[in-house]
Each structure stands twice: as C-alpha cells, then as structure tokens.
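The structure under discussion appears below in the form of structure tokens.
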Amino acid sequence: MTVRPTRDREQEPRRDPGGAAVEPAAVTGERTAGAWRLSRRWRRAALVLHLLSAGAWFGIDVIVAVLVLTGRFASDVEVRSLAYRALAEFAALPMLLSGLLCLATGLLLGLGGKWGLVRYWWVAVKLALNLLLCVLILVVLQPGMDAVADYGERLLTGSPSSGRVRTLFFPPAVSLSALAFATILAVYKPWGRLRRERGSA
C-alpha cells in the first residue's frame, strides 16, 4: 500500500518573483484591489476600542442624566449643590474623550474595513452623529460648565440663578437618543449603499 506524504496544515507562504516570502492580506494590512485593509488582528483591536469607547460614552451620559435629575429634584440643598458641582467638574471632558476615541476608531474601521466611510448610508449616518455630538460637547456643553458650578455653589447661599441649568436636561437626552440610534444602525445596517460602485448597473 502506498502512503502519500502529508502536507503541513499551514499553507506555504506566497513568494514574489525574487523568491521572498509575502504575507497574505489577512495577516498584514495591505492594499488589495486598490483598497487598504486592516489586518484581522488590528481590526479586532480597533473594534474592541470602538465598543469600549461607545459603552463608556453611553455610561457617562447616564451618569450625567442622574446628576442632572439629582440636582433638579433632590430635597437636600447640599445634595443638589454637590450634583451640579460634580457635573461641572467631571462631565464634559470624559464625555469628549470617549466620543473622540469612538470617532477615531470608527474612522479606522471604516477606512480599513469592507464597509468604507461613505459607501453605505448607515456608516455615514453613524459617523455624522458621532462628529455632531463631539462638536456639541465642545460648543454647547463645555462653555456652560462654569455657570453650572457657580449655580451649585450659590445653592448653598440661597441666591442661585437657574437660567443655565434649565437646559441641562437636553444634553443627556439628545446624546443618549443619538447613541441608541447609532447602535441600532450598527446592528441592522439599513438603507443599503450610499453610492453605486463603478461599473455596476
């Protein structure tokens, strides 16, 4: 009986015309068919960072909502004051950092993955929401934190002016709604392509 020699389970590396081994595109990020792709390892790392930053962002929004509600409805003036001062001190920067990390990893996954950045509607809308929320944190939320801290301090003296804090319900409500919508888009991937590929009918 003839026994055929067994081959290694791992595929032998491809070689270029000079005889040098070439790693496959699935192992190292490279341009294939004119499009750059992340390697599997780096794509997974970027995806983990993307999910963690999005989860952190969502959690920070929940904490902001709790602080806003506590500052508005708590019966103890000292608790209300502490809630507003904590909101002014800790809310904006962590929210912005998690949003920027989510945006950066989203861009990386789009550029180095099969979905692209402006190839599908759901990806483009997600990126637009992410960018819009980051801009709102910088332009709307952060500039008003000094007034929120001042309101929290004035609560203890009995002479607060509530003009600024009346609108604090909107940032967590808008942000949580947008992040929930972005999560739905990531799961269901609706609406198809934003634009047709060249050569398609």
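If you take the alpha carbon atoms of segment 39-188 and fit the smallest convex hull around them, that volume is 97 Å³ per residue. Expressed as a fraction of 2.2 N^0.38 Å, the C-alpha radius of gyration for segment 135-190 is 1.57. The stretch between Leu117 and Arg164 holds 13.2 nm of extra length on full extension. This uses 0.36 nm per residue minus the Cα-Cα distance.
Can you figure out the FRET efficiency of Asp76 with Ala173, using R₀ = 25 Å and their beta-carbon distance, to the nearest 0.05? E between Asp76 and Ala173, to the nearest 0.05, is 0.55.
Laboratory data are not the source of any read-out in this text; all were calculated from the coordinates shown. Note that this is a predicted model, so its numbers are computed, not measured. For neighbour counting, all protein chains shown are included, and Cβ atoms are generated from backbone atoms with ideal geometry for every residue, glycine included.
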